[in-house]
Amino acid sequence: MSDLPAELPGADLVEAGVADLQAGRLSEASLLVLIAAPRLRALGMDIPRDPDGGDSPEHRLYALLASSPRRDAYSYYNALLARVASFADAAEHAAAR
């Protein structure tokens, strides 16, 4: 990733998403990283470009979640967004020190 601490909340999800993007895989994690890409790039993270370049990553993530057997895609989608926002908030705080 970058020199940001790995113990930040959600770091595992961001790392998985970056790895998936580097491998050209679209997954829940990679789509989530694409959603947060502007904020993560502003932190100095090297975020690969969207390998698909299709519809917005927000729409693709929701469609992926809605097609899974989860009962409530909406709640899970919002939880994922909150998790990546928590990572970005903590990373911004760590970078400001």
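Cβ-Cβ below 6 Å, separation at least six or inter-chain, first residue in the range 81-96 and closer than 13 Å to V33 by Cβ, second of a type in the set (D, E, K, R): which pairs? Once the first residue is closer than 13 Å to V33 by Cβ and sits in the range 81-96, its partners that are of a type in the set (D, E, K, R) give A88/R39. Kindly evaluate G17 against the criterion of being under 27 Å from R97 (Cα atoms), among the small types (G, A, S), at pLDDT 95 or above and surrounded by 14 or more Cβ atoms within 10 Å (Cβ to Cβ). The answer is yes for G17.
When the range 42-71 is filtered for residues that are within 18 Å of A16 (Cβ to Cβ) and loosely packed, with under 12 Cβ neighbours inside 10 Å, the ones remaining, listed by number, are D46, R49, S68.
The values are calculated or read from the model by the stated rules, or taken from the named source; none is laboratory data. The shown structure was predicted, so the numbers you read here are calculated from the model rather than taken from an experiment. No Cβ is skipped: glycine too gets one built from the backbone with ideal geometry, and neighbour counts run over all protein chains shown.
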